[in-house]
Structure formats: C-alpha cells, structure tokens
Amino acid sequence: MASRRHCTIERRSDKGILKDQSTNGTFVTLEGDTELLLQREELTLRKHGWIACGVSRSGTKEVVEFFVD
C-alpha cells in the first residue's frame, strides 16, 4: 500500500513538516489524539506519534515512531 516515494519530512523554520505524496494516503497518530489521514496534504509534526504509509496504524506493524523536542 506504500508508494515508492510515499511521503517526505522536511525541516521548515525549526519545524518538521510531513508531506504526503501518495495515492493511498499517510496515517498519522499524534499521542493523545485520534488518527489523521493525510491525502496530498501537509502536517506539522509535534510531540510524539506514529506514521503509517497507506494503511491505518491499527492494520499494520510497519510504522515509524517519532519524537519532536
């Protein structure tokens, strides 16, 4: 379900920006919040969370965990 170039994380003004570039979307869960589906959208990463490519975090074990200071 993941694309070859599914999403990118870039630094802008000391912030990490996740940018979805996929067909199936990127699922992001920020600790304490509900899961978000990004489809050709951007999101500022904050605190602690998880990223899943193309499928909900609950449907896969292949996730990226992140921490932002």
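The values are calculated or read from the model by the stated rules, or taken from the named source; none is laboratory data. Values in this document were obtained by computation on a predicted structure and should not be read as measured data. All Cβ positions, glycine included, derive from the backbone under ideal geometry; neighbour counts span all protein chains shown. To get the accessible areas, we keep the full protein, side chains included, count just its heavy atoms, and leave off ligands, DNA and RNA. Shrake-Rupley method; radii C 1.70, N 1.55, O 1.52, S 1.80 Å.
Computed quantities for the displayed model
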{"quantity": "Convex hull of Cα atoms in the chain, direction-averaged projection (nm²)", "calculated": "4.4 nm²"}
{"quantity": "Added length on full extension, which subtracts the Cα-Cα distance from 0.36 nm per residue, residue 5 to residue 58", "calculated": "16.9 nm"}
{"quantity": "Contact order relative to length of the chain, as percent, for alpha carbon pairs under 8 angstrom and 6 or more apart", "calculated": "29 percent"}
{"quantity": "Accessible area of the chain divided out per residue, in Å², using a probe of 1.4 angstrom", "calculated": "70 Å²"}
{"quantity": "For the chain, size of Cβ-based charge dipole, Lys and Arg +1, Asp and Glu -1, in debye", "calculated": "240 debye"}
{"quantity": "Theoretical gain in end-to-end length, residue 47 to residue 67 [0.36 nm per residue, Cα-Cα removed]", "calculated": "6.6 nm"}
